[in-house]
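Remarks on the structure that follows.
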Amino acid sequence: MSLNPAGTAFAIRLANQLPEGVLRPPEPRYLEEPRGRYRGQAGVLALPQTVEHVSVLIREANAARVPVVPYGGGTGLVGGQVMPDGPAPLVLSLERMTAIRSVYPQENVLIAEAGAILADIQTAAQGAGRLFPLSLAAEGSARIGGNLSTNAGGVNVLRYGNARDLCLGLEAVLPTGEIWQGLSRLRKDNTGYDLKNLLIGAEGTLGVITAAALKLSPIPVSQGTAFFTVKDPAAAIALLALARDHAGEAVSAFELIHRQGLDFLSDCLPQIRQPFAEAPEWSVLIELGLPRGLDPEETLAELFEAATAAGLAGDGVIAQSGSQRQALWAVRENIPAANKAIGSVSSHDISVPVSDIPAFIERGSEVVAGLGDFRINCFGHLGDGNLHYNVFPSKGHMREEYDHLRGAVKEAVHDLVHAFGGSFSAEHGVGRMKTGDLERYGDPVRLAAMRAIKLALDPNGIMNPGAVLKTG
């Protein structure tokens, strides 16, 4: 289906139906993405304030067959928020729709508009004596509509689940411009197809999320954080099982960290205090959130004693205060910044079955070494099988020297992931960067069903064309 650019006549038609200030001249920041791999374009930029404004924008775009690119916080890492090719789109930013509409502490529910920043939702929940557990590095600028549209993960998936697991209902505008009023606060509603879960993870290709009913949780009375050194990933997995034996579902996060990431921190961010005088080959960062009556430091100390007795841990640091907790988390949270400073040849957001992680890491090192002289920084959310498997130039070299190998590295890593029954996109989405991977590795029956759903809901193909599913 051919599309048309968002030109002057289209902008005038919108301006006649919308309040002053909704339409803006496109600004460069809406045409960029963090990794600099794509440069977008825009014919018209719209900043609606209400769901009714969004409805007008989408209805008119559908009638004129103008492409629409929904824009959240712009923090996506796979190019889903920019459209580099094709007719200039309408870029629709939800940044003015930031209201926390209501909070129901007794129900553990918060209703927020899609433009609300994740950190502000966390703060609003905390103000009501509750926890919104979705937590990720970009939470100070990422917006909840984008988090839901990409089914964001983060460090607390082990205990609380992905964004999809934290959503009860949605308000959304479908490609026709119709408003779906689905802001249910119900836990049980077994009434047919789940449109909510179609829109979550669709990356704006099936409609625009404008508000969400979000699940809250009780705030843990006490939290504990520790770094333990481990011999290898197999020992880390065994330690995770041991931690669950000791603390049950109180294990909120369990992060695997390789020495290469700590070395990058030393090189690029020496002000970040590391827990060990000499960087261990492998270590884990453990977070517990405990109810009243349990002491986190005591629980972690008992875990460490059991882990050393079982030969799983060699050394450990247990935070004794809030500031020490923050210092330990700063190590993990700054690894991506150090990665960026070094400059990766190819970065991979992957998942494999947890028990297969040790074999995958061993085989991955062999595969990458067969392509050239590289450094690998493998770290991530061990408990849910999500690894950030990033390949870097050898020391003293720049990533530009390896540009000719980027495609081969990515394909080799993703082929290996597929062979292990894993996913080439664990939490970042498909966007535009990974549409070829979806075609290569996706189940043909599932892909056909996805295309049928897209055609049924968006027959004119206006919603974020080129994202998730290849066009043309």
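Counting only residues at least eight positions apart within a chain, or on another chain, the aspartates and glutamates with an alpha carbon under 12 Å from that of residue 231 are 281, 315. Where does the Debye-calculated log10 I(q)/I(0) of segment 1-95 sit at q = 0.12, 0.14, 0.16, 0.19 Å⁻¹, using only Cα point scatterers of equal weight, no solvent? After summing over all Cα pairs, the log10 values are -0.34, -0.46, -0.60, -0.84. Per-residue 3J(HN,Hα) values for segment 41-54, derived from phi via the Karplus relation 6.51 cos²θ - 1.76 cosθ + 1.60 with θ = phi - 60°, read 9, 7, x, 9, 10, 10, 10, x, 10, 9, 5, 5, 4, 4 Hz in sequence order (x marks Gly and Pro). Treating each Cα of segment 39-192 as one equal point scatterer and applying the Debye formula with no solvent, the log10 of I(q)/I(0) at q = 0.12, 0.17, 0.21 Å⁻¹ comes out as -0.54, -1.05, -1.43. Here the mean projected area of the convex hull built on the C-alpha positions of segment 409-472 is 4.8 nm². Remark on residue 222: its backbone amide H falls under 5 Å from those of 290, a criterion applied only to residues 5 or more positions apart or on other chains, H modelled at 1.01 Å from N.
Hey, rough spin-label estimate for residue 400 and residue 263, points 7 angstrom out along Cα→Cβ, what's it come to in nanometres? About 2.4 nm separates the two model spin labels. Treating only the Cβ atoms of Lys and Arg (+1) and Asp and Glu (-1) as charged, compute the dipole magnitude of segment 331-409 about its Cα centre; round to the nearest 20 debye. Result for segment 331-409 is approximately 180 debye, rounded to the nearest 20.
In the distance distribution for segment 74-130, Cα-Cα pairs more than 13 Å apart total 68 percent. Taking θ as phi - 60° and the Karplus parameters 6.51, -1.76 and 1.60, the scalar couplings of segment 441-446 work out to 10, x, 5, x, 5, 5 Hz in sequence order, x denoting glycine and proline. A Cβ-based charge dipole, computed about the Cα centre of the chain with Lys and Arg at +1 and Asp and Glu at -1, lands at about 1260 debye. Summed over the residues of segment 331-428 and divided among them, the accessible surface reaches 40 Å² per residue at a probe radius of 1.4 Å. For a straight C-alpha distance cut-off of 25 angstrom, the lysines reachable from residue 215 (same-chain residues fewer than eight places away being disregarded) are 188, 196. With a cut-off of 12 Å on the backbone N, the residues of segment 133-169 near the modelled label site 7 Å out from residue 223 along Cα-Cβ are 133-136, 155-156. Computed over protein heavy atoms with a 1.4 Å probe, the carbon and sulfur contribution to the accessible area of the chain reaches 51%. Legend: translational diffusion of the chain by Stokes-Einstein, Rh = Kirkwood radius over C-alpha pairs, 4 °C, 1.567 mPa s; D = 55 µm²/s. For residue 252, the amide hydrogen comes within under 5 Å of the amide hydrogens of 287, 288, 289, counting only partners 5 or more places away or on other chains and with H modelled in the peptide plane.
The simple spin-label model puts a point 7 Å past each Cα toward its Cβ; for residue 306 and residue 359 those points are separated by 2.8 nm.
Using the Cβ of residue 225 as centre and a radius below 13 Å, the other residues enclosed give a net charge of -2, where K and R count +1 and D and E count -1. Shown in residue order for segment 356-372 are the 3J(HN,Hα) couplings computed by the Karplus curve 6.51 cos²θ - 1.76 cosθ + 1.60 at θ = phi - 60°: 8, 4, x, 5, 4, 4, 5, 5, x, 4, 5, 5, 5, 4, x, 9, x Hz (x for Gly and Pro). If the segment from residue 187 to residue 246 were pulled out straight at 0.36 nm per residue, it would be longer than the present Cα-Cα gap by 18.3 nm. Residues whose amide H falls under 5 Å from that of residue 170, counting only those 5 or more places apart or on a different chain, are 182, 183, 184, 213, with hydrogens built in the peptide plane. Sorted on the mean count of surrounding Cβ atoms within 10 Å across their residues, most packed first, peptides 359-370, 158-169 read 158-169, 359-370. FRET efficiency for the pair residue 4 and residue 449, taken as 1/(1 + (r/R0)^6) with r the Cβ-Cβ distance and R0 = 51 Å, rounds to 0.95. What residues of segment 446-472 lie in the reach of a label at residue 178, counting those whose backbone N is under 14 Å from a point 7 Å from the Cα along Cα→Cβ? Within reach of a label on residue 178, which here means backbone N under 14 Å from a point 7 Å along Cα→Cβ, segment 446-472 contributes 456-459.
The values are calculated or read from the model by the stated rules, or taken from the named source; none is laboratory data. These numbers were taken from a predicted model, which means no experiment stands behind them. Counting neighbours? That spans all protein chains shown, and the Cβs are built from the backbone with ideal geometry, glycine included. Side chains included, ligands, DNA and RNA excluded: accessible areas come from the protein's heavy atoms. Shrake-Rupley method; radii C 1.70, N 1.55, O 1.52, S 1.80 Å.
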